[in-house]
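The values are calculated or read from the model by the stated rules, or taken from the named source; none is laboratory data. Predicted model, so just to flag it, every value in this text is computed and none were measured. Cβ placement follows ideal geometry from the backbone for every residue including glycine, while neighbour counts extend to all protein chains displayed. Ligands, DNA and RNA are excluded from the accessible area calculation, which covers all protein heavy atoms including side chains. Shrake-Rupley method; radii C 1.70, N 1.55, O 1.52, S 1.80 Å.
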Amino acid sequence: MFTNVGVESDINMAQKVAVIFENVHSGFRIISKLKSKGYQVISFKPTNFVVSRAKDVDVVVLNLPVRHKRIDNLMNELETLGTTIVVVSDKKDDLLWKRYAQVKFVVNQIDEIDSIIDESYKTRFDFPACSVEEIDDALKEGEDILFFQFNGFSKVTVSKLEKMLNEIFNDLKRSDRFIVVFDSGLVIVPSNQGDILGIESLRKKIDDFLSSRLAHFDGVEFVGSAIYRKGENFATFGDLVKRKETVNIKLEFEKKEPRKVVLDDIRKVDVNSLFIASRLVSRDTLAKLWFSQKYRRYVDPFIDFGTARIITQIKGKVEQEDIEGAEEVFLDEVKKVLQEKSKISRESFLDSIKDEDQLMSLPEVQRNIIMLINEEAPFRKIVKEIEKDPAITSKVLKFANSVFYGLKKEVKSIEKAAVVLGTEELLGISLSISYLSSSKSVYTKKLYRYSIATLAIAKYIESLANIRTGVTLGAVVHVIGDMFYAQHFPEMFSKLARALRNNLPYEVAQSEILPVPVEELGEFLAKRWNFPNRVIKAIRYYFYPKYAGIDTAVHLVHAASVLAKSLGYFFGEYSKDDLNYHTYSLFLKKFNINLLRFFENFEEMKEKINEMMFILL
């Protein structure tokens with residue numbers, strides 16, 4: 001069905017073998033023989049074997065007695081590597097070695113070892129692990145190509161994923177070409193060349209499969225996929241990968257030695273640093289600061305419901321000494337935040353990405369819609385642009401006819417749907433379908449579902465308050481900073497996700513790992529893409545909406561995002577205590593809506609979220 005192009009000729013090229021030996025004479029003979037055949041060799045005595053040093057080896061050669069005192073422990077450690085194990089042993093011990101499932105080959109002569117290792121490479125997988133020559137041929141022939149890119153896709157990792165990859169391989173048509181490229185990913189050259197809908201369907205199917213299966217697999221990450229159409233002018237597979245990795249190459253933004261921070265005027269501290277410092281101190285400390293004449297104005301925008309409750313409890317009981325102690329703690333945290341930020345130049349990071357066209361460009365339809373909205377063009381022109389994309393047209397009609405609008409008559413034309421929804425709602429839906437859903441790594445998929453949940457909750461609260469805030473676009477794109485990192489800097493975002501597993505608050509963790517805060521990066525992207533100013537405001541201030549004044553849409557995005565996070569759609573744990581008090585107060589006074597009740601009964605919201613997922617996924 002498929003040719004095993006390049007495997008045999010590449011067997012000895014840069015293959016890494018670990019040799020564990022007891023007898024120095026025979027151990028050195030094995031090492032010398034393997035090195036003469038072109039293998040990279042690392043060696044250990046059984047007592048000094050370290051798993052971490054052998055994690056990228058392809059084969060382990062054991063030259064030990066089967067009754068060695070460390071053999072059972074050694075086998076347990078080797079099992080974690082998932083590599084082929086070859087044993088060089090006396091013939092009389094063959095049966096004893098077979099009790100260890102990891103042992104694939106037992107040889108009695110050192111001279112047999114290289115042929116056995118060669119054989120282990122040839123028979124390791126039921127699918128073709130190829131060189132890139134076949135892909136280059138397909139590119140030269142101008143064929144459509146599906147590329148699924150991974151981080152950590154080494155030979156060792158692929159051996160652990162063998163069962164999963166075989167499932168994909170066996171599910172393809174016999175005429176599809178399936179190619180595993182170590183250190184890069186999977187390439188499929190589909191047989192239905194030119195059938196873009198069929199190829200897109202195959203891509204989505206494999207995307208969903210990989211995202212679900214790799215969600216909890218350590219050591220490898222599915223970055224995303226792409227279809228490379230005929231005529232995209234990639235001379236070689238190397239060119240294609242280079243384009244995919246352009247950002248990683250460019251990610252040499254300026255890193256500096258942290259400077260000593262002298263804080264002589266808190267008025268000069270940026271909003272994000274104050275916000276992070278407010279999250280680093282305890283709610284008790286923040287509550288005491290609220291009574292400080294000097295610092296109240298700086299912490300008041302960040303008071304959440306949990307802190308407000310403590311303020312009520314301690315009102316009239318706080319001593320000046322307690323307030324001064326809180327001031328000191330807060331200032332120390334502000335200095336730490338500023339010192340951490342001094343390590344990286346925000347400007348150099350933004351400079352490193354701003355000229356990357358494939359990163360900084362929206363799909364054509366969305367670019368045109370934004371341009372027409374900013375020009376205040378007639379609806380008819382915007383509708384014409386939407387109709388260019390059948391997927392967006394279908395979703396817009398579904399959205400207009402959903403329970404979120406409660407229309408008595410079905411809307412059948414895109415023109416009427418546009419009138420019902422409004423221009424910003426149209427842009428929000430189209431961006432959700434095309435840009436936010438385009439990448440399918442584990443993290444971007446979670447963020448996309450979170451943005452849909454936020455949108456559903458925002459629309460639900462909007463309907464209860466009987467208001468129209470035009471919240472759709474803000475609710476959908478408030479997460480674009482996070483999405484950008486997760487899609488284009490997956491290793492950085494993966495590090496952030498790991499930090500969150502240690503119960504570090506997201507807002508704090510991102511300040512320690514990401515070069516630019518997500519809300520500031522989101523604002524940068526939104527301005528670059530010419531989003532309406534009120535949407536830029538929602539992206540920039542949804543963490544601390546009081547800075548947006550009484551803009552209901554920004555407060556609504558904040559409330560909906562905290563509710564979505566409390567339902568588990570985001571990273572980390574959230575509750576009603578994380579709701580900004582000023583948002584709670586605004587909805588209670590202005591619309592007679594008590595937002596706290598939504599935290600007590602999630603069932604209605606879950607129903608609305610499921611309906612929105614049905615529309616947009």
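Under 8 Å by Cβ, and 6 or more places apart or on different chains, what pairs join a residue from segment 452-466 that is over 10 Å from V476 (Cα atoms) and open to solvent by less than 10 Å² (accessible area, probe 1.4 Å) with one that is charged (D, E, K, R) and not in a helix (DSSP H, G or I)? Final answer for the pair search is E462/R468.
Taking segment 519-546, which residues are in contact (Cβ under 8 Å) with a residue 12 or more places away in the chain, more than 22 Å from D577 (Cα to Cα) and assigned to a helix (DSSP H, G or I)? Passing the criteria: E520, L521, G522, E523, F524, L525, A526, R528, R534, V535, I536, K537.
Here's the yes/no breakdown for (1) more than 23 Å from R296 (Cα to Cα); (2) of a type in the set (G, A, S):
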residue	(1), (2)
R498	yes, no
V518	yes, no
L521	yes, no
I550	no, no
V562	yes, no
K565	yes, no
S585	no, yes
K608	yes, no
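Restricting attention to segment 571-583 and to residues that are out of contact with any His (no Cβ under 8 Å at 6 or more places or on another chain), open to solvent by less than 80 Å² (accessible area, probe 1.4 Å) and outside any loop (DSSP other than H, G, I, E, B), the residue that is nearest to I310 (Cα to Cα) turns out to be D577. Quick one: is L617 of a type in the set (A, V, I, L, M) and within 19 Å of R309 (Cβ to Cβ)? Spelling it out, it is not the case that L617 is of a type in the set (A, V, I, L, M) and within 19 Å of R309 (Cβ to Cβ). I227 satisfies every condition listed in (1) β-branched (V, I, T); (2) surrounded by 13 or more Cβ atoms within 10 Å (Cβ to Cβ); (3) part of a helix (DSSP H, G or I); (4) at pLDDT below 80 except (3). Across segment 598-617, the number of residues qualifying as part of a loop (DSSP other than H, G, I, E, B) and touching a residue at least 60 places away in the same chain (Cβ under 8 Å) comes to 1.
All of (1) surrounded by 17 or more Cβ atoms within 10 Å (Cβ to Cβ); (2) at pLDDT 80 or above; (3) touching a Pro at 6+ places or on another chain (Cβ under 8 Å) hold for E22 with one exception: (1). Scanning segment 594-615 for residues that are farther than 13 Å from I461 by Cβ, among the charged types (D, E, K, R) and under 30 Å from the mean Cα position of the chain (by Cα) yields a count of 4.
Among the residues of segment 44-79, just one is among the small types (G, A, S) and in contact (Cβ under 8 Å) with a residue 24 or more places away in the chain, namely A54.
Of the residues making up segment 73-109, those that are open to solvent by 20 Å² or more (accessible area, probe 1.4 Å) and within 15 Å of E22 (Cβ to Cβ) are N73, D90. Taken together, the residues in segment 509-531 that are open to solvent by less than 20 Å² (accessible area, probe 1.4 Å) and either over 25 Å from S342 (Cα atoms) or of a type in the set (A, V, I, L, M, F, W, C) (or both) amount to 9.
Quick grid of which residues meet (1) at pLDDT 75 or above; (2) farther than 23 Å from K37 by Cβ; (3) within 37 Å of the chain's Cα centre (by Cα):
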residue	(1), (2), (3)
D56	no, no, yes
V61	yes, no, no
L74	yes, yes, yes
E79	yes, yes, yes
T83	no, no, yes
E141	no, yes, yes
F153	yes, yes, yes
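Checking each residue in segment 43-59 for being surrounded by fewer than 16 Cβ atoms within 10 Å (Cβ to Cβ) and either of a type in the set (A, V, I, L, M) or part of a strand (DSSP E or B) (or both) picks out V50, V51. Working carefully through the options L556, L563, L586, L595, find the one that is assigned to a loop (DSSP other than H, G, I, E, B), modelled with pLDDT of 90 or more and buried (at least 19 other Cβ atoms within 10 Å of the Cβ). Only one candidate qualifies: L595.
For segment 279-293, the criterion of a residue being open to solvent by 30 Å² or more (accessible area, probe 1.4 Å) and within 26 Å of the chain's Cα centre (by Cα) is satisfied by at least one position. Looking only at segment 393-423, residues that are open to solvent by 30 Å² or more (accessible area, probe 1.4 Å) and touching a residue at least 24 places away in the same chain (Cβ under 8 Å) come to 7 in all.
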